[in-house]
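K.L.:
Questions regarding the structure given below will be posed in turn.
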Amino acid sequence: MTPETSPGHRCGVVALLGRPNAGKSTLLNALLGERIAITTARAQTTRARMLGVLTRPAAQLLLYDTPGVHTSERRFNRVMTDSALRVADDADVRLLLHEARGDWGEAEEALAGLPAPILLVRTKCDTGAPTPVPGPDRFAGVLEVSARRGKGLEALVEAAIAHLPEGPALYPPDFLTDAPMRFLAAEQIREVVFEQLRDEVPYGSAVEILEWNEDDEAIRIRANLLVERDSHKGIVVGAGGQTLKRLGTEARRRLTRLAGKTVHLNLWVKTDRNWTRRPRRIRELGYA
């Protein structure tokens, strides 16, 4: 029988929650075996929730990567935290990710107070012995994983499945994500910006896809790399346009790998002043 009709089949929403840089996106990619969420060493790389569908013979997990939960006075940061908490509200199982050797803080305590079931997932466990956490008995389970080394992933999946409700699969077995290809492409470009630029410039950047023309052989993309200040624009362009050229070359390489065909990328830098403070603009860029 298929997963959609087999008796006892389980299906539900699993929310990946935690502070910035807890390893949520890396874990999502490791569980799926595909790199759909961007990851960098910088905190707050993830800005929007992303669905990844993991299908097993007896269950289908709707895994949602979420922005890091944190306290901030910035409107944009509050939007990201609110997005994560909305996913948590709708989840059947909540995974609270906490770096194995990290401090337990306000973000973890707030997330631990969400309705059960909550599984505490100690991430990056290959970095050393995990530090104790307060009140481990309040969780439905405590697991240790290393997404980069593939350690503990199967036990995590089984623990999550055990708390899912019975029901048919909602997506075909080979379905991976509902994120549009344009969004995935914009994220790939933004990942390069986070990796190659420093200080506050990446946090004030966004990518807007203006044109997308695709045929059997190639994709032609025209996109704006948005920054909040004119001074940031100069940094992104660089002397003689060399920084922008380097960014575009690397982004094109990643997009070609993602699409499985040749990509022609026409990337421009545009100042969009204080876009992170304008709710309408935040929504237009897909971050709300």
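K.L.:
In nm, give the distance between the simple-model label positions of R35 and D90, each being 7 Å from the Cα along the Cα-to-Cβ direction.
P.N.:
Here the answer is 2.9 nm between the modelled labels.
K.L.:
Testing the spin-label approximation: label points 7 Å from Cα along Cα→Cβ at R253 and R273. State their distance in nm.
P.N.:
3.7
K.L.:
Can you tally the net charge around V192? Count Lys and Arg as +1, Asp and Glu as -1, for every other residue whose Cβ sits under 11 Å from the Cβ of V192.
P.N.:
+1
K.L.:
Would you work out the Kirkwood radius for the chain? I mean one over the mean of 1/r across all pairs of different Cα atoms, in Å.
P.N.:
20.1
K.L.:
If you take the charge dipole of the chain about its Cα centre, with +1 on Lys and Arg Cβ and -1 on Asp and Glu Cβ, which of I282, I118, G204 is farthest toward its positive end?
P.N.:
With unit charges placed on the Cβ atoms, the residue in question is G204.
K.L.:
Let me ask another. Run the reach check for K124 against lysines, Cα to Cα strictly under 26 Å, same-chain hits fewer than 8 apart removed. What comes back?
P.N.:
K24, K151
K.L.:
To one decimal place, what Kirkwood hydrodynamic radius in Å is obtained for the stretch 116-269 from all pairs of distinct Cα atoms?
P.N.:
Hydrodynamic radius (Kirkwood, Cα pairs) of the stretch 116-269 is 19.1 Å.
K.L.:
Which percent of Cα pairs goes in each bin when the distances of the stretch 181-284 are cut into 5 angstrom slices starting at zero?
P.N.:
Spelled out per bin, shortest first, that is 2, 13, 25, 25, 18, 11, 5, 1.
K.L.:
Counting every Cα pair in the stretch 127-178, what percent are over 15 Å apart?
P.N.:
67
K.L.:
Ok, one more. Using alpha carbons only, how many degrees (0 to 90, rounded to 10) separate the axis of helix 181-196 from the longest principal axis of the chain?
P.N.:
80
K.L.:
Now a separate question. Based on a Kirkwood Rh over C-alpha pairs, give the Stokes-Einstein translational diffusion coefficient of the stretch 105-148 at 4 °C and viscosity 1.567 mPa s in µm²/s.
P.N.:
Details: Rh = 11.3 Å.
In µm²/s, the coefficient is 114.
K.L.:
Moving to a separate point now. Taking K and R as +1 and D and E as -1, what net charge do the other residues with C-beta under 12 Å from the C-beta of L247 add up to?
P.N.:
+3
K.L.:
OK, next. Only helical DSSP H runs with n ≥ 4 go in: add -39500 (n - 2.57) per run for the chain, normalise by residue count and round the 222 nm mean residue ellipticity to 500 deg cm²/dmol.
P.N.:
Helices in the chain give a 222 nm mean residue ellipticity of -9500 deg cm²/dmol.
K.L.:
Still on this structure, please answer the following. Once you order the gyration tensor axes a ≥ b ≥ c over the Cα atoms, which shape class does the stretch 10-162 get: rounded for a/c under 1.5, otherwise prolate or oblate by comparing a/b with b/c? Show your work: numbers first, answer last.
P.N.:
On the way: a/c = 1.26, a/b = 1.14, b/c = 1.11.
Here the stretch 10-162 falls in the rounded category.
K.L.:
Aspartates and glutamates near K270 by alpha-carbon distance under 15 Å, same-chain residues fewer than 8 away left out - which ones?
P.N.:
Output for K270: E208, E228, D230.
K.L.:
Nearest 0.05, what FRET efficiency do Q242 and E109 give at R0 = 51 Å with Cβ-Cβ as r?
P.N.:
0.65
K.L.:
To two decimal places, what compactness ratio does the stretch 76-195 give when its Cα radius of gyration is scaled by 2.2 N^0.38 Å?
P.N.:
1.21
Every number here is computed from the coordinates shown, using simple stated rules; none is lab data. The structure presented is a predicted model; accordingly, all values stated were derived computationally and were not measured. Counting neighbours? That spans all protein chains shown, and the Cβs are built from the backbone with ideal geometry, glycine included.
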